[in-house]
1. Check which residues have an amide H placed less than 5 Å from Glu19's amide H, if you skip close sequence neighbours.
2. Quick one, could you list the DSSP H helices from the chain stretching 15 Å or more along their long axis (Cα atoms) with average Kyte-Doolittle hydropathy of -1.0 or above?
3. I need the phi-derived Karplus couplings for the stretch 3-17: 6.51 cos²θ - 1.76 cosθ + 1.60, θ = phi - 60°, integer Hz, Gly and Pro marked x.
4. Going by how many other Cβ atoms sit within 10 Å of their own, how do His87, His133 line up, fewest first?
5. So for Phe24, Phe142, fewest C-beta neighbours within 10 Å to most, what's the order?
6. Based on other C-beta atoms within 10 Å, arrange Val60, Val101, Val156 from fewest to most.
7. Could you give the dipole magnitude of the stretch 12-161 about its Cα centre, charging the beta-carbon of Lys and Arg +1 and that of Asp and Glu -1, in debye to the nearest 20?
8. Taking just the alpha carbons, could you work out the radius of gyration and Dmax for the chain, both in angstroms?
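What follows draws every value from the coordinates through simple rules; no lab data is involved. From a predicted model like this one, the values you see are computed outputs, not experimental measurements. Heads up, the Cβs are rebuilt from the backbone with ideal geometry, glycines too, and the neighbour counts pull from every protein chain shown.
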Amino acid sequence: MPIRSIIPFPDTRLRTPAEPITTFNGDLADLATDLLDTLRAAPGIGITGPHIGILRAITVIEIDAKAGPHIFINPEILSASRETTRHMEGSVSMPGFTDEVERPAAVTVRYQTLEGLWQDEEADGLLAICLQHEIDQINGIFWLQRLSRLKRERIVKKYEKSGPRQRHVAP
């Protein structure tokens, strides 16, 4: 499957909520494969439809290549722990720029599989952080919006000074 071009920040599609997926077929499986290939080429550990300009509620997360990818269709957070954790975050749409974000340490997520079956999953650690980050993206919340205004402005200024953006990750 082809590696797709990644939409660079500050493209407005990164702040546009994605539409729910209602058709579960081979095209959706192909999109998931394209997302995985693009994620691996970027490289990264999570990617969504909006990252490649497809405003549909899908995310692929691969924290450990040996464990394989996790594909979440129409994911939503059902509950989150009161306990929080801080972790460095960034985006495939803004490579090389990271900052520490505070999020709940554990979440319960409801999502659909590629076949359209609903499942619930409890996650903690890095998977919980990734799920929250990518679900934010699906909901039109770019990770910078989770930072203080001062931190956000500092990163955006550095990013703007870093030069023109070309996010074609094809080899």
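1. Arg56, Ala57
2. 26-41, 125-138
3. Residue by residue, the stretch 3-17 yields 7, 8, 6, 8, 6, x, 4, x, 3, 5, 5, 6, 10, 10, x Hz.
4. Lowest count first: His87, His133.
5. Ascending Cβ contact count within 10 Å gives the list Phe24, Phe142.
6. Val156, Val101, Val60
7. Result for the stretch 12-161 is approximately 900 debye, rounded to the nearest 20.
8. 15.4, 45
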